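A.B. asks: Handing you a structure now.
The values are calculated or read from the model by the stated rules, or taken from the named source; none is laboratory data. This is a predicted model, so every value here is computed, not measured. Glycine gets a Cβ as well: all are built from the backbone with ideal geometry, and neighbour counts include every protein chain shown. Side chains are part of the model used for accessible areas, which takes the heavy atoms of the whole protein and leaves out ligands, DNA and RNA. Shrake-Rupley method; radii C 1.70, N 1.55, O 1.52, S 1.80 Å.
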Amino acid sequence: MQVVRRIKPEGGTITFFVAFGAGRQMCRLATTFDTQKQAFSYLQKHRTEFEHMARTRLASGELEDGVVVLSML
């Protein structure tokens, strides 16, 4: 049996990490999906674009409480 955790449809987020140099940077992606499974599927489909956006924001210092915050494409 697979358990799918629900996330809030409004303001729900998923977290992932991007390698940046020798370190890893936490990123938060705001989604409108009803389940984490749907949100992670979306993230995987667009992973390259989100990683590029995250690295660009990290390089320019666009962080919120030390986290790169992204929203859906």
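A.B. asks: Between Leu63 and Ser41, 0.36 nm times their residue separation minus their Cα-Cα distance comes to what?
C.D. replies: Working it through step by step, the gained length comes to 5.5 nm.
A.B. asks: How much accessible area per residue does region 17-73 have, in Å², with a 1.4 Å probe?
C.D. replies: Using a 1.4 Å probe on heavy atoms only, each residue of region 17-73 averages 63 Å².
A.B. asks: Tally up the carbon and sulfur contribution to the accessible surface of region 16-73 as a whole percent, 1.4 Å probe, everything protein left in place.
C.D. replies: 53 percent
A.B. asks: Place the peptides 55-67, 29-41 in order of packing, highest mean first, counting for every residue the other Cβ atoms within 10 Å and averaging per peptide.
C.D. replies: Going from most to least packed, we get 29-41, 55-67.
A.B. asks: Through the Karplus equation 6.51 cos²θ - 1.76 cosθ + 1.60, θ set to phi - 60°, convert the phi angles of region 38-51 into ³J(HN,Hα) values in whole Hz; use x for Gly and Pro.
C.D. replies: These are the phi-based 3J(HN,Hα) values: 5, 5, 5, 4, 4, 4, 4, 5, 10, 3, 4, 5, 5, 5 Hz.
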